[in-house]
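Everything below concerns the one structure shown next.
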Amino acid sequence: MGVGDPYGMPIAHGVAAGMGGIRTAGDLVARMQLAQKMRISEAKAFVADKLRISVQDLSDVTVMREIREDLDIGVITSVPGCAKGIEAKARIADLLGIKINSVERLKRKLSGPTRD
Amino acid sequence: MAEKYPVRMGDGHFVEMTADEIRAHLIEGSEDAADRGKIAPLDDSEYDFLLDLFTNPARVVGVPQGHEVVLTHDIGTLRLDGDQGNSGVGIPLSRLQGIQVHERAFAADTMELGHVDYSWKPVKPIIAQEQQVLENVLLSTIVPIFYGAMPNLGLYYAPDGPFGNPSDLLPMAKIDEAREAQELAVEHAVRDMVYVATKLWDVGGDAINFDTTGAAGDADFKATLHAVEQLKDSTGLAIEVGMAGEFILGMHGKLEYEGTRLAGLFPHDQVKLVEKAGADIFGPVVNTNTSRSMAWNLARAVTFVKACVEASNIPIHVNMGMGVGGSPVFETPPIDSVSRASVAMVEIARVDGL
């Protein structure tokens with residue numbers, strides 16, 4: 001989208017046509033567009049298949065809330081103990097079978113030089 | 001007497017129109033796009049769909065369940081912490097906080113980090129600062145993060161940059177000098193954009209967004225295409241190319257990319273070059289005419305974008321900020337217009353995202 005105040009632009013488009021980000025599976029579908037240039041139908045079908053749900057369920061918050069908690073891939077509300085930030089992204093990379101640059105960086109840091 | 005419906009003009013104010021008048025505006029807008037772009041106009045069922053949208057009394061409309069699309073966010077957090085020049089609401093949040101607000105309060109599918117100047121050139125001397133902010137954002141957020149900025153070739157011309165200004169040279173009939181300045185600016189801009197984006201990739205960045213590409217004309221577009229090409233060869237960055245306008249201005253006039261002249265291209269031709277350069281997402285723009293109704297403007301925008309979607313093999317995230325993509329030119333866009341434009345772009349143009 002583009003320029004506009006928060007209520008008039010991201011919130012209005014989000015309510016009218018947005019997938020719902022980490023409330024639902026919006027970030028997961030976006031990941032497949034970025035990682036493999038998938039068109040929207042292909043990206044939704046791919047993620048739905050990985051999650052073993054229907055395409056329609058991807059943007060249903062009642063379905064996706066439970067799935068995100070079960071898979072520990074991050075939820076939108078603040079829940080102690082749930083995967084946050086890079087922790088959730090590392091699990092999403094595994095779930096979708098893609099490389100996420102910041103996760104790859106974390107892996108390199110974890111296997112970096114030691115003084116042993 | 002025929003019933004009248006409230007329809008906004010391109011500047012946002014309401015007028016009243018009958019259903020026949022709305023339909024006539026829809027047809028006229030679509031045929032204007034078809035004529036300029038040498039593309040097909042909408043068909044009768046699509047005019048019927050748009051007419052239903054404009055005569056629907058609901059304040060906000062939406063796509064059917066299951067038809068939702070991915071949202072990408074040009075301008076990033078500037079809409080929260082920026083001034084009204086960017087429709088910003090002046091909340092003193094850090095950019096990290098702004099991104100978290102979008103992810104967790106606005107349910108954004110993706111989000112974008114950007115410098116307040118929002119051009120690639122000024123980021124170069126402060127790249128270490130931007131890398132640090134991006135590192136913190138990437139640690140604490142889940143959605144894909146873009147870094148967005150404008151190619152903005154204008155910054156390479158006098159008085160801001162080292163080369164002569166084509167806008168000064170052309171009125172003096174110094175055509176060759178104006179062209180040479182643009183060719184030199186392309187070289188410098190490519191170097192700057194590749195340098196900055198590579199540094200962002202190095203610290204873990206997901207993606208970059210070349211926003212308002214082509215704002216300074218065909219040289220601006222050419223620089224971006226070459227930067228995309230180089231970055232796709234040397235990094236794993238996902239790249240979105242979003243345009244500044246519906247038509248590439250021929251400020252140079254002779255520039256080409258892979259044998260195609262850039263001046264005069266409309267979205268359905270622009271996307272083919274963006275795809276050839278290697279980009280992952282294309283953001284077409286169709287400008288809003290303030291003296292025409294939103295029925296005329298939305299039908300026109302959807303006609304152009306539908307042709308672009310059909311010509312593309314990569315995801316299309318249409319630009320739908322104020323003044324483009326069937327939204328009025330008003331800095332706090334009316335949500336009735338924005339939601340109708342959203343629905344039309346998804347249901348008729350079949351976009352992959354907004």
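Could you please let me know if residue A:109 is at pLDDT 95 or above and either aliphatic (A, V, I, L, M) or over 22 Å from residue B:201 (Cβ atoms) (or both)? When the stated conditions are applied, residue A:109 does not pass them.
Select from the stretch B:195-212 the residues that are under 14 Å from the mean Cα position of the chain (by Cα) and within 13 Å of chain A (Cβ to nearest Cβ) and list them in ascending order. So that I can check it myself, show each step before the final result.
First, pick out the residues of the stretch B:195-212 that are under 14 Å from the mean Cα position of the chain (by Cα): B:208-212.
The answer is B:208, B:209, B:211, B:212.
Scanning the stretch B:138-160 for residues that are free of Cβ contacts under 8 Å to residues at least 40 places away in the same chain and aliphatic (A, V, I, L, M) yields a count of 4. Scanning the stretch A:13-59 for residues that are over 24 Å from residue A:78 (Cα atoms) and of a type in the set (Gly, Ala, Ser) turns up A:16, A:17, A:35, A:41, A:43, A:45, A:48, A:54. Would you tally the residues in the stretch A:1-34 being touching a residue at least 24 places away in the same chain (Cβ under 8 Å) and either within 7 Å of another protein chain (Cβ to nearest Cβ) or farther than 21 Å from residue B:276 by Cα (or both)? Qualifying residue count for the region: 12. Within the stretch B:138-165, if we keep just the residues that are under 24 Å from the mean Cα position of the chain (by Cα) and more than 30 Å from residue A:100 (Cβ to Cβ), the residue that is surrounded by the most Cβ atoms within 10 Å (Cβ to Cβ) turns out to be B:153.
Among the candidates B:76, B:98, B:88, the residue that is assigned to a helix (DSSP H, G or I), more than 7 Å from chain A (Cβ to nearest Cβ) and within 23 Å of the chain's Cα centre (by Cα) is uniquely B:98. Take the conditions (1) farther than 18 Å from residue B:46 by Cβ; (2) small (Gly, Ala, Ser); (3) crowded, with 24+ Cβ neighbours inside 10 Å; residue B:299 misses just one of them, which is (1).
Of the residues making up the stretch A:35-51, just one is farther than 18 Å from residue B:309 by Cα and either among the hydroxyl-bearing types (Ser, Thr, Tyr) or at the interface with chain B (Cβ under 8 Å from one of its Cβ atoms) (or both), namely A:35.
Number of residues in the stretch A:31-60 that are exposed (fewer than 14 other Cβ atoms within 10 Å of the Cβ) and in a helix (DSSP H, G or I): the value is 2. For the stretch B:329-344, taking the residues that are surrounded by fewer than 23 Cβ atoms within 10 Å (Cβ to Cβ) and either in a loop (DSSP other than H, G, I, E, B) or modelled with pLDDT under 95 (or both), the one that is nearest to the other protein chains (Cβ to nearest Cβ) is identified as B:332.
Among the residues in the stretch A:96-109, are any assigned to a helix (DSSP H, G or I), within 12 Å of the chain's Cα centre (by Cα), in contact (Cβ under 8 Å) with a residue 60 or more places away in the chain and more than 9 Å from chain B (Cβ to nearest Cβ)? Even if it seems obvious, please write down each step before you answer.
Within the stretch A:96-109, the subset assigned to a helix (DSSP H, G or I) is A:96, A:101-109.
Right, trim to within 12 Å of the chain's Cα centre (by Cα) and you get A:96.
Pick out the ones that are also in contact (Cβ under 8 Å) with a residue 60 or more places away in the chain and you get A:96.
Subsequent filtering for residues that are more than 9 Å from chain B (Cβ to nearest Cβ) retains A:96.
Yes, the conditions are met somewhere in the stretch A:96-109.
Looking across the stretch B:310-344, the residues that are closer than 22 Å to residue B:39 by Cα and in contact with a Lys or Arg (Cβ under 9 Å, 6 or more places away or on another chain) come down to B:310, B:311, B:312, B:313, B:314, B:315, B:316, B:326.
Looking only at residues that are among the aliphatic types (A, V, I, L, M) and in contact with a Leu (Cβ under 7 Å, 6 or more places away or on another chain) in the stretch A:65-89, which one is farthest from the other protein chains (Cβ to nearest Cβ)?
The initial filter retains those residues of the stretch A:65-89 that are among the aliphatic types (A, V, I, L, M), namely A:67, A:71, A:73, A:75-76, A:79, A:83, A:86, A:88.
Right, trim to in contact with a Leu (Cβ under 7 Å, 6 or more places away or on another chain) and you get A:67, A:71, A:73, A:86.
Details: A:67: 14, A:71: 12, A:73: 8, A:86: 5 Å.
Ranking the qualifying residues of the stretch A:65-89, first place goes to A:67.
In the stretch B:235-260, what residues are of a type in the set (D, E, K, R) and under 19 Å from residue B:190 (Cα atoms)? Of everything in the stretch B:235-260, those that are of a type in the set (D, E, K, R) and under 19 Å from residue B:190 (Cα atoms) turn out to be B:240, B:254, B:256, B:258.
Can you tell me which residues in the stretch B:338-354 are small (Gly, Ala, Ser) and under 21 Å from residue B:108 (Cβ atoms)?
B:339, B:341, B:342, B:353
Check whether at least one residue in the stretch B:286-307 is at the interface with chain A (Cβ under 10 Å from one of its Cβ atoms) and modelled with pLDDT of 95 or more, and report yes or no. No, because not a single residue in the stretch B:286-307 is at the interface with chain A (Cβ under 10 Å from one of its Cβ atoms) and modelled with pLDDT of 95 or more.
Select from the stretch B:214-260 the residues that are crowded, with 24+ Cβ neighbours inside 10 Å and among the β-branched types (Val, Ile, Thr) and list them in ascending order. Residues satisfying the conditions are B:224, B:228, B:239, B:241, B:248.
Taking the options B:76, B:98, B:114, B:85, name whichever one is touching a strand residue (DSSP E or B) at 6+ places or on another chain (Cβ under 9 Å), modelled with pLDDT under 95 and of a type outside the set (Ser, Thr, Tyr). Criteria check complete, one pass: B:76. Of all residues in the stretch B:33-55 being within 20 Å of residue B:292 (Cα to Cα) and in a loop (DSSP other than H, G, I, E, B), which is farthest from the other protein chains (Cβ to nearest Cβ)? For the stretch B:33-55, the residue satisfying everything is B:41.
For the stretch B:308-328, name all the residues that are facing chain A (nearest Cβ under 7 Å), closer than 15 Å to residue B:246 by Cβ and in contact with a strand residue (DSSP E or B) (Cβ under 7 Å, 6 or more places away or on another chain). Break it down stepwise before answering.
From the stretch B:308-328, those facing chain A (nearest Cβ under 7 Å) are B:314-315, B:319-322, B:324; that's our starting set.
From what's left, closer than 15 Å to residue B:246 by Cβ: B:319-321, B:324.
Of everything in the stretch B:308-328, those that are facing chain A (nearest Cβ under 7 Å), closer than 15 Å to residue B:246 by Cβ and in contact with a strand residue (DSSP E or B) (Cβ under 7 Å, 6 or more places away or on another chain) turn out to be B:319, B:324.
In summary, residue B:285 fulfils each of the numbered conditions (1) part of a loop (DSSP other than H, G, I, E, B); (2) surrounded by 24 or more Cβ atoms within 10 Å (Cβ to Cβ); (3) in contact with a helix residue (DSSP H, G or I) (Cβ under 6 Å, 6 or more places away or on another chain) with the single exception of condition (3).
The values are calculated or read from the model by the stated rules, or taken from the named source; none is laboratory data. Please read all numbers here as calculations on a predicted model, not as lab measurements. No Cβ is skipped: glycine too gets one built from the backbone with ideal geometry, and neighbour counts run over all protein chains shown.
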